[in-house]
Amino acid sequence: MARLERPRGLKITFKPSARQYELWNALQPNHCDKCGGKLVMMPNGFDSKGHQVYRATCENCGNTDIPEQVLGGGSAGGGKSYIGCCWLVCSCIQFPGIRMVVARKVRKTLLETTWKTLKDVLNSWGLKQDVHYHINNVTYIITFWNGSEIMAMDLTPSPQDPDFNSLGSLEITGGFIDEVSEVSEKAVEVLASRIRYKIAETFVVGKLFMSTNPCLTWVRSTFVMTDDGDPVELQSGYRYIPFSLFDNPNESFRAIYYNKLSKLRNKADRDRLLYGNWLFTTSNKMAAYWNFDGDTHLVHNLREQSYDPMKPLILSFDFNVNPYMSCLPIQIDWENKIVYVFPEYVGYPKDKRNNTPAFTRWIASQLVADGHIGGVLLTGDPAGLSRSTQTEEGVNNFTIANKNMTNAVLKPKIQLLSKQPAMVTRLEFINELLHNFKGWKVYIDARCHRLIEDFVYQKKNPDGTKEKKKVLNDNGERVERWGHFSDCFDYAMIYYLSSIYTQYKTASTEIVTTIDSEDTVYGEFDY
């Protein structure tokens, strides 16, 4: 490789929009995004071992909430990836000998997308390959004349390395993860922990920039909104900067791309990609629940509109420990033939609620706090009656739930199917129910995010059963990603609407899923 030269008379024209500048400002080294002041490391007490702890502080305004992890999220075409690439190149020009990373879940996809944008930025800024920088097309590293580097990296987990220990010896100065919705939270945490190289003399605070379109993954609940749809209270050092197509300063590009996106026939995709709507819900005709339609079945704030504390509340349980324990609250209006599904109760391992005693005590406390006095009916997976080797005779998940909810207000009653219904028949029945079978209507609170994900993303097998595909979670355990809350819904409907389920079974014929040309069909649901 020929010796690289420092560029002379380099002139860079960079005119970001107001939103792009907000993002650019949050990524600047040794910089307070509130007032623009410089940063200093100030003593901030001691840790549990008695070691002095320091915190980056603006010497001008005293701000200690300095951006470290920044999400640029929103519609397609807003220029998020472009700003990320500009930031990488500018940092390498500004500081000699630093190491920056650009990453996606799959490196092949990265090289076909973001890597090309990165090379476009280099060329448009007047930097010449093999004169001012060199690209190694084997290791995919861009090396600048001053020794700074940009490395292309994939963040795909593997069964052999679920904890990303392969990144253990990595030392970088900053990183950009494009389409972070594809990447696991564990991968992001590990990569962020490796931002430690030459930080003191450059950024002072390490920076990790992430971009994405609206998604249903951990990114939304961490940076954008809670499961109830409320804005997230961001951790210190976190920033969320929303983007839309109209934040792209290129007017001709906006006009052309708007025309393209506005013609998307699927309303959910149009709202998500054009306007950056994070509360999108789509449908999938090849899903196990092919008759689910967000426009028909979802109601915002349904609980506030239709929940009656004076009427019995059905609590349908699925007692799986991983990825979470599930409980779906339901009320049925028999007179008007309406099923109301209210926001879910979820027992996460991180909250130590993925065990029956803690989970059911927590639900009981929530119901008492809500003023529910109509009693509760406990139902769900009949397998919950099975006795564990760790419990006494006659003790199972439902008896534990019944005991923890027994008080003068809730008055629980266990009502269960004697056995699990045939999956093909039950799945076809639920789809007919979603299609107003016998005049019945199903309304679901839009905050039932996991039930909605099950309805949209769980596929069916060729034999008509649900696909129970397992994936690796962040702890390296194999878990069923979809189907927990949809199972809760199935069991409750078949038990409490048993008469029309019987009618359906006696009159049912084989159901064929008809797919229109305008319908969305998903393949692998791999984030």
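Could you list, in sequence order, the residues of region 55-81 that are within 22 Å of Val224 (Cα to Cα) and either in a loop (DSSP other than H, G, I, E, B) or hydrophobic (A, V, I, L, M, F, W, C) (or both)? If you could, list the steps in order and put the result at the bottom.
Taking region 55-81 as the starting set, the residues that turn out to be within 22 Å of Val224 (Cα to Cα) are 64-81.
Thr64, Asp65, Ile66, Pro67, Glu68, Val70, Leu71, Ser75, Ala76, Gly77, Gly78, Gly79, listed by residue number.
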Subject >> Hits in region 235-246 - residues which are at pLDDT 90 or above and either within 19 Å of Ser184 (Cα to Cα) or buried (at least 20 other Cβ atoms within 10 Å of the Cβ) (or both) >> reply: Gln235, Tyr238, Arg239, Tyr240, Ile241, Phe243
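Might you check whether a residue that is farther than 27 Å from Leu302 by Cβ and touching a residue at least 12 places away in the same chain (Cβ under 8 Å) occurs anywhere in region 406-418? Please lay out each step first, then the result.
Just the residues of region 406-418 that are farther than 27 Å from Leu302 by Cβ, to begin with: 406, 408, 418.
If we keep only those that are touching a residue at least 12 places away in the same chain (Cβ under 8 Å) as well, we get 418.
Yes.
This table checks each residue for (1) farther than 21 Å from Pro382 by Cα; (2) surrounded by fewer than 22 Cβ atoms within 10 Å (Cβ to Cβ); (3) at pLDDT 95 or above; (4) touching a strand residue (DSSP E or B) at 6+ places or on another chain (Cβ under 9 Å).
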| position | (1), (2), (3), (4) |
| --- | --- |
| Thr282 | yes, yes, no, no |
| Ala287 | yes, no, no, yes |
| Asn301 | yes, yes, no, yes |
| Ser306 | yes, yes, yes, yes |
| Val321 | no, yes, no, yes |
| Val341 | no, no, yes, yes |
| Gly347 | no, no, no, yes |
| Asp351 | yes, yes, no, no |
**OP:** Working only within region 317-358, note down all residues that are farther than 21 Å from Arg481 by Cα and not in a strand (DSSP E or B).
**Re:** Trp334, Glu335, Asn336, Lys337, Phe342, Pro357, Ala358
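Looking at region 276-294, is at least one residue among the aliphatic types (A, V, I, L, M) and assigned by TED's automatic domain parsing to the domain that holds Lys459?
Start the filter on region 276-294 by keeping residues that are among the aliphatic types (A, V, I, L, M), which leaves 279, 286-288.
Okay, now just the ones that are also assigned by TED's automatic domain parsing to the domain that holds Lys459, so none.
The answer is no, given that none of the residues of region 276-294 is among the aliphatic types (A, V, I, L, M) and assigned by TED's automatic domain parsing to the domain that holds Lys459.
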Original post:
Of (1) at pLDDT 85 or above; (2) in contact with a Lys or Arg (Cβ under 8 Å, 6 or more places away or on another chain), Val395 satisfies all except one. Which?
Top reply: (1)
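Being closer than 14 Å to Leu27 by Cα and among the small types (Gly, Ala, Ser) is the filter here; which residues of region 77-122 pass it?
Here is the first cut: in region 77-122, the residues closer than 14 Å to Leu27 by Cα are 80-92, 94, 100.
The answer is Ser81, Gly84, Ser91.
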Original post:
Here are some residues: Thr114, Thr156. Which one is at pLDDT 95 or above, among the hydroxyl-bearing types (Ser, Thr, Tyr), within 30 Å of Leu261 (Cβ to Cβ) and under 26 Å from the mean Cα position of the chain (by Cα)?
Top reply: Thr114
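Is it true that Phe437 is aromatic (Phe, Trp, Tyr) and over 30 Å from the mean Cα position of the chain (by Cα)? First the steps, then the outcome.
Details: aromatic (Phe, Trp, Tyr): yes; over 30 Å from the mean Cα position of the chain (by Cα): yes.
Yes.
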**OP:** Within region 242-272, work out how many residues are more than 24 Å from the chain's Cα centre (by Cα) and in a helix (DSSP H, G or I).
**Re:** 11
Original post:
So which residues in region 19-59 are exposed (fewer than 13 other Cβ atoms within 10 Å of the Cβ) and either assigned by TED's automatic domain parsing to the domain that holds Arg239 or aromatic (Phe, Trp, Tyr) (or both), if there are any at all?
Top reply: Phe46, Tyr54
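The rows are residues; the columns are (1) part of a helix (DSSP H, G or I); (2) over 21 Å from Leu191 (Cα atoms); (3) assigned by TED's automatic domain parsing to the domain that holds Glu22.
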| position | (1), (2), (3) |
| --- | --- |
| Pro96 | no, yes, yes |
| Val101 | no, no, yes |
| Lys108 | yes, no, yes |
| Lys116 | yes, yes, yes |
| Val121 | yes, yes, yes |
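The values are calculated or read from the model by the stated rules, or taken from the named source; none is laboratory data. As the structure is a computational prediction, the values presented were derived from the model and not from experiment. Every residue, glycine among them, receives a Cβ derived from its backbone with ideal geometry; neighbour counts consider all protein chains shown.
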